[in-house]
Amino acid sequence: MIRRKPGIRSAARGFSLVELMVVMMLVTLLFGVVGISVSRSVAGAEIRNAEREIIAGLRHTRGQAIIQREQQVFMVDTNTRTWTAAGQAPVALPEGLEITLDTARSELTGEGVGGIRFFPDGASTGGRVVLTAQEREWHIAVAWLTGEISRDREREEWRNR
C-alpha cells in the first residue's frame with residue numbers, strides 16, 4: 001500500500017488552458033459550418049416551394065379552363081418577378097429567384113409580360129417557365145397539344161452540369 005506524506009498534494013487533475021482553447025475553436029468552427037449548411041437548405045426549400053406553387057398555379061389555370069369551358073391564362077411578369085393563376089392574386093417570388101417565360105409570340109402582352117393560354121379542351125398554347133437562382137435552373141414545361149404540365153428534368157440536368 002502506498003502512503004502519502006501529509007502536506008504533499010498530488011498533481012491537480014483537469015484541462016489546461018490550451019486544451020480548452022482548442023475545444024472552443026473546434027466548437028466555433030462546427031457551428032459556422034452547420035450555419036452555412038442550414039442557410040443553404042432553407043434557400044433550397046424556398047426554391048422548391050416556389051416551383052411547386054407555380055406548377056399548382058398552372059394546373060389550377062388549366063382546370064379552370066376545363067371547368068368553366070372558357071379560355072384561361074396563366075400570366076408571368078418577369079419585371080416584377082410575379083406570376084398569376086386564373087382568378088387569383090399575383091404571387092411574388094422569393095428574393096434571389098428569377099423567372100423567365102418561353103411562350104407563343106401571340107401570348108406576349110408587353111415587355112417581359114406574357115402568358116400561357118389554356119383552352120376548354122385542356123390544350124394550351126404551350127411554353128416553359130424557367131426559375132433561375134445562382135446559376136441553377138428549374139424548368140416547368142407545358143405541352144401545347146395536351147396542356148400537360150411537368151418538370152423538365154432532362155433540360156435541368158443538361159443545364160445544371
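The values are calculated or read from the model by the stated rules, or taken from the named source; none is laboratory data. Model, not experiment: these values are computed from the prediction. Neighbour counts run over all protein chains shown; Cβ positions are idealised from the backbone, glycine included.
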Going through (1) at pLDDT below 95; (2) closer than 17 Å to residue 49 by Cβ one by one, residue 91 fails only at (1)
Within segment 148-157, residues being at pLDDT 95 or above and not in a strand (DSSP E or B) number 1
Okay, strands (runs of 3 or more DSSP E) sitting entirely in segment 81-145 with 3 or more residues that are surrounded by 14 or more Cβ atoms within 10 Å (Cβ to Cβ) and free of Cβ contacts under 8 Å to residues at least 40 places away in the same chain, I get 98-103, 127-133, 136-142
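Is at least one residue of segment 54-74 at pLDDT 85 or above, of a type in the set (Ser, Thr, Tyr) and surrounded by fewer than 15 Cβ atoms within 10 Å (Cβ to Cβ)?
Within segment 54-74, the subset at pLDDT 85 or above is 54-74.
When the remaining residues are screened for being of a type in the set (Ser, Thr, Tyr), the result is 61.
When the remaining residues are screened for being surrounded by fewer than 15 Cβ atoms within 10 Å (Cβ to Cβ), the result is none.
Looking through segment 54-74, none of the residues is at pLDDT 85 or above, of a type in the set (Ser, Thr, Tyr) and surrounded by fewer than 15 Cβ atoms within 10 Å (Cβ to Cβ).
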- Within segment 113-125, is even one residue farther than 19 Å from residue 62 by Cβ and modelled with pLDDT under 95? no
Picking from 82, 61, the residue that is under 18 Å from residue 138 (Cα atoms) and of a type outside the set (A, V, I, L, M, F, W, C) would be 82
Has segment 136-145 got any residue that is modelled with pLDDT of 95 or more and either at positive phi or out of contact with any helix residue (DSSP H, G or I) (no Cβ under 9 Å at 6 or more places or on another chain) (or both)? yes
